[in-house]
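**Student:** Dumping the structure here so I can ask a few things about it.
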Amino acid sequence: MAAGGETGPAPTGSRGEAPGAQDPSEALVTCRGLRKSFGDLVAVHDLDLAIAPGESYGLLGPNGAGKTTAISMLCGLVRPDRGAVWIDGQSVGVGRAAGKQALGLVPQQMALYDDLSARENLALLGRLQGLRGRELRRRVDEVLEVVQLADRANDRVATFSGGMQRRTSIAGGLLHRPRLLVLDEPTVGVDPQSRNAILEQVIELGREGTALLYTSHYMEEVERVCDRMGIMDHGHKIAEGTRRELVDSIGSLDRLLIEATGDLDSFADRLRDLAGVEQVDRDDATVTALARNGRSVLPQVIPLAAPLDVELLSVEVDEPDLEQVFLALTGRALRD
C-alpha cells in the first residue's frame with residue numbers, strides 16, 4: 001500500500017535538495033539525521049541511510065531496536081523530532097504526497113479486511129492509490145499472480161493462513177508499481193513453508209529491479225534477501241555494509257574444512273603458503289585452514305592436491321554469519 005506521512009523542517013540546499021545528498025539517479029532514498037523520542041526513550045538516534053535504485057537493503061536488529069520507528073519516519077507515517085527524508089528526489093512529509101508514489105509499504109500489522117475477498121481488499125487499496133477502472137482490475141490480477149494467489153482471489157481473507165494474508169499485503173504494496181517496497185517484519189507469525197514462499201517472492205522482486213527496504217530480527221532472512229544491510233541496536237545504526245564487509249569489520253576468518261587422504265603434512269605446508277591463509281592445522285584425515293575470504297582461496301586449494309598424491313574427499317567453507325557479527329558489536333545475542 002502507498003504510505004502517507006510527515007517530516008519536520010528539512011535542511012535545504014539552493015534548490016531544496018538534501019545538503020550533500022546523492023543525485024537521485026544514484027540514491028533513491030536518502031535519510032539524514034532522523035531522530036525520534038517517546039518521552040525519555042530515544043527510539044532512533046540520528047539515523048543516516050541511503051538506498052540505491054534496485055538495491056535490496058536490510059535493517060537487522062532485535063525487537064525494540066528502533067527498526068519500525070525508523071521506517072515509519074522514512075515512509076512519512078511518523079514525524080521525526082529532527083532530520084529529513086528524500087525519496088525519488090523529493091522531500092517526504094506527513095500529509096504531503098511528494099515522493100510517496102515511489103513507495104509501497106507492507107506493514108508489520110496487516111491492514112486487510114477479513115470479510116472482504118483478496119480481490120476486494122486489493123481493489124480498495126488500489127482506489128486509495130488512485131487506480132481506477134480497467135487499469136485497477138488489470139493491476140489487481142497482475143499482483144495476485146505475482147504473489148501466487150490468483151486461484152484464491154475471490155475467497156475471504158478470513159479463510160487465509162497467516163502466510164497467505166502476508167502475501168496479500170505484499171500484493172497491496174505492489175499495486176501502484178513502486179520503485180521502493182518497504183517490508184516490515186513480513187514473515188512474523190507465519191509457518192516455515194509460507195515463510196519460504198514469501199522470501200522467494202521478495203527475492204524475485206529484487207531481481208526484477210524493485211528496490212527493497214527489509215526489516216527483520218531474523219538474520220538469516222536479511223542475509224538471504226539483501227545486498228547490503230545495517231545493524232541497529234538501542235536505536236543506533238552500529239554497522240553497515242555487505243555481509244562480507246560486516247564480517248571483515250570484526251576480523252573474523254573463514255574456516256576451510258578439508259577431508260583428504262595421502263601426504264597431508266606436505267599438503268598442509270603448501271596451504272600455509274597461500275595468500276590469505278593465516279593458520280593451518282591437521283588432524284588425522286582432516287586439514288583445517290583459517291583464511292580471509294575462504295571462497296577466494298578455495299580455487300587455489302584444489303590444484304595443490306594432485307602433485308602431492310593427495311585425494312580430496314570433501315572441502316567445506318564455514319563462513320562467519322551475522323550472529324557472530326552482532327555478538328561482537330553488541331555483546332549480546334540477536335534475539336536477546
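The values are calculated or read from the model by the stated rules, or taken from the named source; none is laboratory data. Since we're looking at a predicted model, the values are computed, not measured. Please note: Cβ atoms are built from the backbone with ideal geometry, for glycine as well, and neighbour counts cover all protein chains shown.
**Student:** How many residues does segment 177-197 hold that are more than 30 Å from Thr30 (Cβ to Cβ) and in contact with a Pro (Cβ under 6 Å, 6 or more places away or on another chain)?
**Tutor:** Final tally of qualifying residues: 0.
**Student:** Considering segment 93-137 alone, what residues qualify as being out of contact with any helix residue (DSSP H, G or I) (no Cβ under 9 Å at 6 or more places or on another chain) and of a type in the set (Gly, Ala, Ser)?
**Tutor:** Gly93, Gly95, Ala97, Ala98, Gly99, Ala102, Gly133
**Student:** What number of residues within segment 213-229 satisfy the criterion of being in a strand (DSSP E or B), hydrophobic (A, V, I, L, M, F, W, C) and under 8 Å from Ser56 (Cβ atoms)?
**Tutor:** Summing the residues that are in a strand (DSSP E or B), hydrophobic (A, V, I, L, M, F, W, C) and under 8 Å from Ser56 (Cβ atoms) in segment 213-229 gives 0.
**Student:** Let me ask something else about it. Taking segment 195-254 only, how many residues are under 23 Å from Leu74 (Cβ atoms), touching a residue at least 12 places away in the same chain (Cβ under 8 Å) and of a type outside the set (A, V, I, L, M)?
**Tutor:** 25
**Student:** With the condition kept exactly as written, say whether any residue in segment 159-176 is of a type in the set (Lys, Arg) and either surrounded by fewer than 17 Cβ atoms within 10 Å (Cβ to Cβ) or touching a Cys at 6+ places or on another chain (Cβ under 8 Å) (or both).
**Tutor:** Taking every residue of segment 159-176 in turn, none turns out to be of a type in the set (Lys, Arg) and either surrounded by fewer than 17 Cβ atoms within 10 Å (Cβ to Cβ) or touching a Cys at 6+ places or on another chain (Cβ under 8 Å) (or both).
**Student:** Please name all residue pairs, on different chains or six or more residues apart, with Cβ atoms under 7 Å, provided the first residue is in segment 62-76 and is assigned by TED's automatic domain parsing to the domain that holds Leu213 and the second residue is in a helix (DSSP H, G or I).
**Tutor:** Listed by first residue and then by second, the contacts come to Gly76/Lys100.
**Student:** Which numbered condition in (1) assigned by TED's automatic domain parsing to the domain that holds Tyr218; (2) more than 30 Å from Asp81 (Cα to Cα) is the only one that Arg270 fails?
**Tutor:** Just one mismatch for Arg270, condition (1).
**Student:** Let me ask something additional. Residue under question is Ser14, and the condition is that it be in contact with a Pro (Cβ under 8 Å, 6 or more places away or on another chain), at pLDDT below 95 and surrounded by fewer than 21 Cβ atoms within 10 Å (Cβ to Cβ); does it hold?
**Tutor:** Working: in contact with a Pro (Cβ under 8 Å, 6 or more places away or on another chain): no; at pLDDT below 95: yes; surrounded by fewer than 21 Cβ atoms within 10 Å (Cβ to Cβ): yes.
No; evaluated as a whole, the condition is false for this residue.
**Student:** What pairs can you find where one residue is in segment 265-290 and over 24 Å from Pro320 (Cβ atoms), the other is surrounded by 14 or more Cβ atoms within 10 Å (Cβ to Cβ) and among the acidic types (Asp, Glu), and their Cβ atoms are less than 6 Å apart, with a gap of 6+ or different chains?
**Tutor:** The qualifying pairs are Ala285/Glu259.
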